[in-house]
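Colleague: First, the structure itself, so that you have it in front of you.
The values are calculated or read from the model by the stated rules, or taken from the named source; none is laboratory data. Keep in mind that what you see is a predicted model, and the values were worked out from it rather than measured. Here the Cβ positions follow ideal geometry from the backbone for every residue, glycine too, while neighbour counts run over all protein chains shown. Accessible surface areas use protein heavy atoms only, side chains included; no ligands, DNA or RNA. Shrake-Rupley method; radii C 1.70, N 1.55, O 1.52, S 1.80 Å.
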Amino acid sequence: MNWDWFKIMFDEGLDHILQWGGVDHILFIVALTAVFQLKHWGRVLGLVTFFTVGHTLTIVLANMDLIPVNKAIAEFLIQVTIFYTGLMNLMKAGQNPRGNARFFLAALVGLIHGLGFFEKFRMLSMGDDKDWVALIPFSLGIELAQIIVALCVLIITSILFNFMRVKQREWNLFSSGIVCGVSAYLIVENWPW
Amino acid sequence: MCELSYLGKMKQWKTIALMLGCAFVFSSFTAEHEYYVSVGEMRLNLETEQLEFALRIFSDDLEYALSQEGHPGVDILNDPEAEAWVEDYVLDNFEISSADNRAIQLHFEGMEGDADAVFVYLNSNGSILPMSIRVRHAILMDHFPDQVNILHYSNPSRPSSFRFSDESDVENIDL
(Lines give C-alpha, C1' and ligand atoms only; values in the text may rest on other atoms or scores of the structure.)
Protein backbone atom coordinates (compact mmCIF):
# COMPACT_ATOMS: atom_id res chain seq x y z
CA MET A 1 0.00 0.00 0.00
CA ASN A 2 1.49 3.28 -1.05
CA TRP A 3 0.38 6.71 0.04
CA ASP A 4 -1.15 7.58 -3.39
CA TRP A 5 -3.27 4.46 -3.27
CA PHE A 6 -4.35 5.32 0.27
CA LYS A 7 -5.44 8.78 -0.88
CA ILE A 8 -7.23 7.42 -3.96
CA MET A 9 -9.19 4.88 -1.92
CA PHE A 10 -9.98 7.45 0.76
CA ASP A 11 -11.38 9.85 -1.88
CA GLU A 12 -13.39 7.05 -3.47
CA GLY A 13 -14.99 6.25 -0.10
CA LEU A 14 -15.71 9.93 0.48
CA ASP A 15 -17.16 10.40 -3.01
CA HIS A 16 -19.36 7.38 -2.67
CA ILE A 17 -21.47 9.17 -0.05
CA LEU A 18 -21.10 12.80 -1.09
CA GLN A 19 -21.82 12.55 -4.81
CA TRP A 20 -25.37 13.06 -6.05
CA GLY A 21 -25.71 9.39 -6.97
CA GLY A 22 -25.17 8.54 -3.30
CA VAL A 23 -28.31 10.41 -2.28
CA ASP A 24 -29.80 7.29 -0.71
CA HIS A 25 -26.96 7.13 1.83
CA ILE A 26 -27.51 10.81 2.64
CA LEU A 27 -31.21 10.11 3.16
CA PHE A 28 -30.32 7.35 5.57
CA ILE A 29 -28.23 9.78 7.65
CA VAL A 30 -31.10 12.31 7.60
CA ALA A 31 -33.48 9.65 8.93
CA LEU A 32 -30.94 8.43 11.48
CA THR A 33 -30.43 11.93 12.92
CA ALA A 34 -34.05 13.15 12.70
CA VAL A 35 -34.76 12.68 16.41
CA PHE A 36 -31.49 14.25 17.58
CA GLN A 37 -30.30 17.76 18.28
CA LEU A 38 -26.82 19.20 17.99
CA LYS A 39 -26.25 18.55 21.71
CA HIS A 40 -26.60 14.79 20.97
CA TRP A 41 -23.63 14.89 18.58
CA GLY A 42 -21.79 12.25 20.61
CA ARG A 43 -24.59 9.74 20.14
CA VAL A 44 -24.79 10.59 16.45
CA LEU A 45 -21.05 9.94 16.05
CA GLY A 46 -21.59 6.65 17.87
CA LEU A 47 -24.38 5.70 15.47
CA VAL A 48 -22.29 6.53 12.41
CA THR A 49 -19.45 4.43 13.85
CA PHE A 50 -21.76 1.46 14.47
CA PHE A 51 -22.84 1.81 10.86
CA THR A 52 -19.21 1.81 9.71
CA VAL A 53 -18.40 -1.29 11.77
CA GLY A 54 -21.37 -3.05 10.15
CA HIS A 55 -20.45 -2.28 6.57
CA THR A 56 -16.73 -2.94 7.09
CA LEU A 57 -17.61 -6.41 8.41
CA THR A 58 -19.70 -7.06 5.31
CA ILE A 59 -16.94 -5.94 2.97
CA VAL A 60 -14.47 -8.20 4.78
CA LEU A 61 -16.80 -11.22 4.60
CA ALA A 62 -17.71 -10.56 0.99
CA ASN A 63 -14.06 -10.15 0.03
CA MET A 64 -13.37 -13.57 1.57
CA ASP A 65 -16.24 -14.99 -0.53
CA LEU A 66 -18.05 -15.94 2.68
CA ILE A 67 -21.23 -14.15 1.70
CA PRO A 68 -22.64 -13.98 -1.80
CA VAL A 69 -23.30 -10.54 -3.19
CA ASN A 70 -26.10 -10.04 -5.64
CA LYS A 71 -26.01 -6.45 -6.78
CA ALA A 72 -29.71 -6.19 -7.60
CA ILE A 73 -30.80 -7.64 -4.24
CA ALA A 74 -28.25 -5.50 -2.38
CA GLU A 75 -29.54 -2.25 -3.93
CA PHE A 76 -33.10 -3.30 -3.15
CA LEU A 77 -32.35 -4.18 0.49
CA ILE A 78 -30.50 -0.89 0.98
CA GLN A 79 -33.63 1.03 0.02
CA VAL A 80 -35.77 -1.15 2.30
CA THR A 81 -33.52 -0.39 5.30
CA ILE A 82 -33.72 3.36 4.58
CA PHE A 83 -37.51 3.16 4.38
CA TYR A 84 -37.57 1.27 7.67
CA THR A 85 -35.32 3.83 9.37
CA GLY A 86 -37.74 6.60 8.34
CA LEU A 87 -40.74 4.55 9.46
CA MET A 88 -39.16 3.83 12.83
CA ASN A 89 -39.01 7.57 13.50
CA LEU A 90 -42.81 7.61 13.57
CA MET A 91 -43.03 4.97 16.29
CA LYS A 92 -42.90 5.93 19.91
CA ALA A 93 -39.85 3.81 20.70
CA GLY A 94 -38.03 5.27 17.72
CA GLN A 95 -38.59 8.84 18.87
CA ASN A 96 -36.65 8.44 22.10
CA PRO A 97 -33.17 9.90 21.49
CA ARG A 98 -31.79 7.87 24.41
CA GLY A 99 -33.05 4.56 23.05
CA ASN A 100 -30.35 2.00 22.32
CA ALA A 101 -32.32 0.15 19.62
CA ARG A 102 -31.05 2.77 17.17
CA PHE A 103 -27.47 1.48 17.58
CA PHE A 104 -28.47 -2.03 16.59
CA LEU A 105 -30.41 -0.63 13.69
CA ALA A 106 -27.38 1.41 12.56
CA ALA A 107 -25.14 -1.67 12.69
CA LEU A 108 -27.72 -3.80 10.89
CA VAL A 109 -28.25 -1.19 8.19
CA GLY A 110 -24.46 -0.90 7.94
CA LEU A 111 -24.20 -4.66 7.31
CA ILE A 112 -26.62 -4.31 4.40
CA HIS A 113 -25.13 -1.12 2.95
CA GLY A 114 -21.78 -2.90 2.99
CA LEU A 115 -23.09 -5.06 0.15
CA GLY A 116 -23.36 -1.90 -1.93
CA PHE A 117 -19.95 -0.57 -0.89
CA PHE A 118 -18.35 -3.93 -1.64
CA GLU A 119 -19.41 -3.62 -5.25
CA LYS A 120 -17.27 -0.51 -5.60
CA PHE A 121 -14.43 -1.86 -3.46
CA ARG A 122 -14.27 -5.04 -5.55
CA MET A 123 -13.98 -3.02 -8.72
CA LEU A 124 -11.28 -0.74 -7.37
CA SER A 125 -9.21 -3.59 -6.01
CA MET A 126 -9.81 -5.55 -9.18
CA GLY A 127 -6.99 -7.84 -10.14
CA ASP A 128 -5.84 -7.92 -6.52
CA ASP A 129 -8.41 -9.76 -4.40
CA LYS A 130 -6.18 -9.72 -1.40
CA ASP A 131 -5.63 -6.00 -1.29
CA TRP A 132 -6.92 -5.84 2.29
CA VAL A 133 -5.12 -2.70 3.32
CA ALA A 134 -7.06 -0.68 0.72
CA LEU A 135 -10.18 -1.34 2.79
CA ILE A 136 -8.91 0.91 5.59
CA PRO A 137 -8.78 4.20 3.66
CA PHE A 138 -11.97 3.28 1.80
CA SER A 139 -13.89 2.76 5.06
CA LEU A 140 -12.31 5.83 6.63
CA GLY A 141 -13.48 7.89 3.64
CA ILE A 142 -17.03 6.57 4.02
CA GLU A 143 -16.93 7.27 7.77
CA LEU A 144 -15.69 10.84 7.32
CA ALA A 145 -18.31 11.54 4.64
CA GLN A 146 -21.10 10.30 6.90
CA ILE A 147 -19.83 12.39 9.81
CA ILE A 148 -19.79 15.45 7.54
CA VAL A 149 -23.37 14.77 6.40
CA ALA A 150 -24.59 14.09 9.96
CA LEU A 151 -23.01 17.28 11.32
CA CYS A 152 -24.44 19.34 8.43
CA VAL A 153 -27.91 17.96 9.16
CA LEU A 154 -27.54 18.70 12.90
CA ILE A 155 -26.36 22.25 12.20
CA ILE A 156 -29.25 22.91 9.78
CA THR A 157 -31.80 21.50 12.22
CA SER A 158 -30.35 23.49 15.11
CA ILE A 159 -30.98 26.64 13.03
CA LEU A 160 -34.53 25.44 12.34
CA PHE A 161 -35.17 24.64 16.02
CA ASN A 162 -33.61 27.77 17.52
CA PHE A 163 -34.32 30.52 15.00
CA MET A 164 -37.34 29.34 13.06
CA ARG A 165 -39.23 27.81 15.98
CA VAL A 166 -39.55 24.47 14.24
CA LYS A 167 -40.37 21.73 16.71
CA GLN A 168 -38.31 18.52 16.77
CA ARG A 169 -41.41 16.42 16.21
CA GLU A 170 -42.43 18.48 13.18
CA TRP A 171 -38.95 18.19 11.69
CA ASN A 172 -38.97 14.47 12.38
CA LEU A 173 -42.30 13.97 10.59
CA PHE A 174 -41.27 16.22 7.71
CA SER A 175 -37.83 14.71 7.10
CA SER A 176 -38.91 11.11 7.72
CA GLY A 177 -41.74 11.70 5.25
CA ILE A 178 -39.30 12.82 2.57
CA VAL A 179 -36.97 9.91 3.31
CA CYS A 180 -39.79 7.34 3.20
CA GLY A 181 -41.22 8.90 0.06
CA VAL A 182 -37.96 8.82 -1.87
CA SER A 183 -36.98 5.38 -0.57
CA ALA A 184 -40.43 3.98 -1.46
CA TYR A 185 -39.83 5.23 -4.97
CA LEU A 186 -36.35 3.68 -4.99
CA ILE A 187 -37.70 0.37 -3.64
CA VAL A 188 -40.01 0.14 -6.65
CA GLU A 189 -37.25 1.31 -8.99
CA ASN A 190 -34.85 -1.36 -7.67
CA TRP A 191 -37.41 -4.18 -7.44
CA PRO A 192 -35.28 -7.20 -8.25
CA TRP A 193 -37.95 -9.69 -9.30
CA MET B 1 -70.77 27.07 -7.09
CA CYS B 2 -69.17 27.56 -10.42
CA GLU B 3 -66.28 29.44 -8.83
CA LEU B 4 -65.71 26.70 -6.25
CA SER B 5 -65.37 23.95 -8.81
CA TYR B 6 -63.00 26.22 -10.73
CA LEU B 7 -60.83 26.55 -7.61
CA GLY B 8 -61.01 22.79 -7.08
CA LYS B 9 -59.73 22.24 -10.58
CA MET B 10 -56.88 24.66 -10.00
CA LYS B 11 -55.84 22.72 -6.93
CA GLN B 12 -55.99 19.48 -8.83
CA TRP B 13 -53.74 20.93 -11.51
CA LYS B 14 -51.27 22.07 -8.88
CA THR B 15 -51.24 18.62 -7.30
CA ILE B 16 -50.67 16.98 -10.67
CA ALA B 17 -47.89 19.45 -11.49
CA LEU B 18 -46.26 18.76 -8.12
CA MET B 19 -46.45 15.00 -8.62
CA LEU B 20 -44.99 15.26 -12.12
CA GLY B 21 -42.24 17.50 -10.73
CA CYS B 22 -41.44 14.95 -8.02
CA ALA B 23 -41.43 12.09 -10.51
CA PHE B 24 -39.02 14.05 -12.67
CA VAL B 25 -36.68 14.79 -9.77
CA PHE B 26 -36.79 11.22 -8.44
CA SER B 27 -36.13 9.70 -11.82
CA SER B 28 -32.76 11.45 -11.84
CA PHE B 29 -31.51 9.40 -8.90
CA THR B 30 -32.02 5.78 -9.62
CA ALA B 31 -29.67 4.62 -6.84
CA GLU B 32 -27.93 2.51 -9.46
CA HIS B 33 -24.41 2.93 -8.24
CA GLU B 34 -22.74 2.21 -11.52
CA TYR B 35 -18.99 2.41 -11.32
CA TYR B 36 -16.84 2.67 -14.37
CA VAL B 37 -13.36 1.66 -13.34
CA SER B 38 -10.34 0.13 -14.98
CA VAL B 39 -7.23 -0.82 -13.06
CA GLY B 40 -3.82 -1.28 -14.62
CA GLU B 41 -0.30 -1.99 -13.61
CA MET B 42 2.93 -0.58 -14.97
CA ARG B 43 6.34 -2.01 -14.24
CA LEU B 44 9.84 -1.34 -15.36
CA ASN B 45 11.52 -4.52 -16.52
CA LEU B 46 15.09 -4.03 -15.33
CA GLU B 47 16.57 -6.61 -17.69
CA THR B 48 15.13 -5.17 -20.88
CA GLU B 49 14.85 -1.63 -19.49
CA GLN B 50 11.37 -1.44 -20.92
CA LEU B 51 8.03 -0.48 -19.43
CA GLU B 52 5.37 -3.19 -19.36
CA PHE B 53 1.69 -2.53 -18.90
CA ALA B 54 -1.24 -4.78 -18.01
CA LEU B 55 -4.56 -2.95 -18.17
CA ARG B 56 -7.65 -4.69 -16.88
CA ILE B 57 -10.81 -3.39 -18.53
CA PHE B 58 -14.38 -4.62 -18.17
CA SER B 59 -15.36 -6.56 -21.30
CA ASP B 60 -18.83 -5.09 -21.69
CA ASP B 61 -17.54 -1.52 -21.24
CA LEU B 62 -14.90 -2.11 -23.91
CA GLU B 63 -17.45 -3.68 -26.26
CA TYR B 64 -19.73 -0.69 -25.74
CA ALA B 65 -16.91 1.72 -26.58
CA LEU B 66 -15.95 -0.24 -29.71
CA SER B 67 -19.54 -0.41 -30.89
CA GLN B 68 -19.78 3.36 -30.51
CA GLU B 69 -16.62 3.74 -32.58
CA GLY B 70 -17.88 1.97 -35.66
CA HIS B 71 -17.86 -1.71 -34.70
CA PRO B 72 -21.49 -2.36 -33.68
CA GLY B 73 -22.22 -5.66 -31.98
CA VAL B 74 -18.57 -6.55 -31.53
CA ASP B 75 -17.76 -9.63 -29.44
CA ILE B 76 -14.24 -8.96 -28.22
CA LEU B 77 -13.50 -12.55 -27.27
CA ASN B 78 -14.73 -14.26 -30.43
CA ASP B 79 -14.64 -11.85 -33.36
CA PRO B 80 -11.45 -12.46 -35.35
CA GLU B 81 -10.95 -8.73 -36.05
CA ALA B 82 -11.72 -7.70 -32.47
CA GLU B 83 -8.12 -7.81 -31.27
CA ALA B 84 -7.05 -5.36 -33.98
CA TRP B 85 -9.90 -3.03 -33.03
CA VAL B 86 -8.98 -3.22 -29.36
CA GLU B 87 -5.36 -2.48 -30.30
CA ASP B 88 -6.37 0.65 -32.26
CA TYR B 89 -8.69 1.79 -29.53
CA VAL B 90 -6.24 1.26 -26.68
CA LEU B 91 -3.29 2.85 -28.50
CA ASP B 92 -5.46 5.89 -29.33
CA ASN B 93 -6.48 6.40 -25.73
CA PHE B 94 -3.46 5.24 -23.76
CA GLU B 95 -0.32 7.13 -24.66
CA ILE B 96 2.99 7.86 -23.02
CA SER B 97 5.44 10.61 -23.84
CA SER B 98 8.50 12.19 -22.33
CA ALA B 99 8.04 15.22 -20.08
CA ASP B 100 8.78 17.47 -23.09
CA ASN B 101 5.97 15.77 -25.08
CA ARG B 102 7.98 13.49 -27.34
CA ALA B 103 5.77 10.48 -27.93
CA ILE B 104 7.07 7.08 -26.82
CA GLN B 105 5.78 4.36 -29.11
CA LEU B 106 3.84 1.59 -27.41
CA HIS B 107 3.57 -1.93 -28.69
CA PHE B 108 0.37 -3.95 -28.25
CA GLU B 109 1.45 -7.41 -27.12
CA GLY B 110 -2.00 -8.93 -26.99
CA MET B 111 -4.99 -9.50 -24.81
CA GLU B 112 -6.70 -12.24 -22.87
CA GLY B 113 -9.76 -12.45 -20.74
CA ASP B 114 -13.26 -13.67 -20.17
CA ALA B 115 -16.82 -12.36 -20.26
CA ASP B 116 -16.07 -10.30 -17.15
CA ALA B 117 -12.87 -8.45 -17.98
CA VAL B 118 -9.91 -8.50 -20.31
CA PHE B 119 -6.25 -7.84 -19.72
CA VAL B 120 -4.53 -5.78 -22.39
CA TYR B 121 -0.74 -6.04 -22.49
CA LEU B 122 1.50 -3.26 -23.79
CA ASN B 123 5.21 -2.50 -23.70
CA SER B 124 7.40 0.43 -24.60
CA ASN B 125 8.73 -1.24 -27.73
CA GLY B 126 12.46 -0.80 -27.35
CA SER B 127 12.35 2.94 -26.79
CA ILE B 128 15.00 4.68 -24.73
CA LEU B 129 13.13 5.81 -21.65
CA PRO B 130 13.45 9.24 -20.05
CA MET B 131 13.63 9.70 -16.28
CA SER B 132 10.08 10.84 -16.11
CA ILE B 133 7.13 10.13 -18.38
CA ARG B 134 3.75 11.67 -19.04
CA VAL B 135 0.89 9.18 -19.28
CA ARG B 136 -2.44 9.92 -20.93
CA HIS B 137 -4.99 7.29 -19.90
CA ALA B 138 -8.35 8.23 -21.43
CA ILE B 139 -9.61 4.71 -22.07
CA LEU B 140 -13.44 4.61 -22.02
CA MET B 141 -13.69 8.24 -20.91
CA ASP B 142 -15.37 9.39 -24.13
CA HIS B 143 -18.12 6.87 -23.55
CA PHE B 144 -18.52 6.90 -19.77
CA PRO B 145 -18.20 10.40 -18.29
CA ASP B 146 -17.70 8.91 -14.80
CA GLN B 147 -14.93 6.58 -15.94
CA VAL B 148 -12.00 6.33 -13.51
CA ASN B 149 -8.76 4.65 -14.58
CA ILE B 150 -6.28 3.60 -11.93
CA LEU B 151 -2.66 2.84 -12.77
CA HIS B 152 -0.34 1.28 -10.19
CA TYR B 153 3.36 1.70 -10.78
CA SER B 154 4.98 -1.24 -9.04
CA ASN B 155 8.39 0.26 -8.61
CA PRO B 156 10.03 -1.99 -6.00
CA SER B 157 11.65 0.86 -4.13
CA ARG B 158 8.79 3.34 -4.34
CA PRO B 159 5.42 2.00 -5.52
CA SER B 160 2.90 4.64 -6.49
CA SER B 161 -0.63 4.85 -7.85
CA PHE B 162 -2.34 7.28 -10.19
CA ARG B 163 -5.96 8.11 -10.84
CA PHE B 164 -7.15 9.32 -14.23
CA SER B 165 -10.60 10.80 -14.74
CA ASP B 166 -12.28 13.43 -16.88
CA GLU B 167 -10.85 16.05 -14.53
CA SER B 168 -7.35 15.01 -15.45
CA ASP B 169 -6.50 12.25 -17.90
CA VAL B 170 -2.76 13.01 -17.87
CA GLU B 171 -0.27 12.24 -15.07
CA ASN B 172 3.48 12.70 -14.79
CA ILE B 173 5.31 9.67 -13.43
CA ASP B 174 8.94 9.55 -12.34
CA LEU B 175 10.49 6.25 -13.32
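Colleague: What's the long-distance tail for chain B, i.e. % of Cα pairs beyond 30 Å?
Modeller: 35
Colleague: For the protein assembly as shown, what mean projected area does the convex hull of the alpha carbons give, in nm²?
Modeller: Mean orientational projected area (the protein assembly as shown, Cα hull): 25.6 nm².
Colleague: Among B:12-18, B:116-122, B:47-53, A:27-33, how do they line up by average Cβ neighbours within 10 Å per residue, starting with the highest?
Modeller: Packing order, densest peptide first, comes out as A:27-33, B:116-122, B:47-53, B:12-18.
Colleague: Can you give me the three principal axis dimensions of segment A:22-189 from its C-alpha atoms, in Å, biggest first?
Modeller: 55, 32, 24
Colleague: State in Å² the accessible area per residue of chain A; use a 1.4 Å probe, count heavy atoms of protein chains only, and round to the nearest integer.
Modeller: 46
Colleague: Next question, about the same structure. Skip the ligands, DNA and RNA, and give the accessible area per residue of segment B:62-145 with a 1.4 Å probe, whole Å².
Modeller: 52
Colleague: Counting only protein heavy atoms and using a 1.4 Å probe, what share of the accessible area of segment A:21-92 belongs to carbon plus sulfur, as a whole percent?
Modeller: 75
Colleague: In segment A:1-102, which trypsin sites (Lys or Arg not before Pro) fall in coil by DSSP and have 12 or fewer other Cβ atoms within 10 Å?
Modeller: A:K92, A:R98
Colleague: In whole Å, how far is the Cα centre of segment A:65-143 from that of segment B:53-118?
Modeller: Between the Cα centres of segment A:65-143 and segment B:53-118 lies a distance of 35 Å.
Colleague: In cubic angstrom, how much convex hull volume per residue do the alpha carbon atoms of segment B:78-124 span?
Modeller: So the per-residue hull volume is 76 Å³.
Colleague: Show that you can apply the helix-only estimate: for chain A, add -39,500 (n - 2.57) for every DSSP H stretch of four or more residues, divide by all residues, and state [θ] at 222 nm to the nearest 500.
Modeller: -25500 deg cm²/dmol, from helical runs alone.
Colleague: Given R₀ = 41 Å, FRET efficiency for B:N172-B:S67 by Cβ-Cβ distance, to 0.05?
Modeller: After rounding to 0.05, the efficiency reads 0.80.
Colleague: Efficiency by 1/(1 + (r/R0)^6): what FRET value for B:L91 and A:W191, r their Cβ-Cβ distance, R0 = 35 Å, to the nearest 0.05?
Modeller: According to the calculation, E is roughly 0.25.
Colleague: Note the buried accessible area between B and A here, summed over both chains, with a 1.4 Å probe, in Å² to the nearest 100.
Modeller: 2300
Colleague: List nothing, just return the count: lysine pairs in the protein assembly as shown, 8 or more apart or interchain, with Cα separation under 27 Å.
Modeller: Final tally of qualifying lysine pairs is 9.
Colleague: So which trypsin sites (Lys or Arg not before Pro) in segment B:85-175 end up in coil per DSSP with only 15 or fewer other C-beta atoms within 10 Å?
Modeller: Those that pass, being in a loop and sparsely packed, are B:R102.
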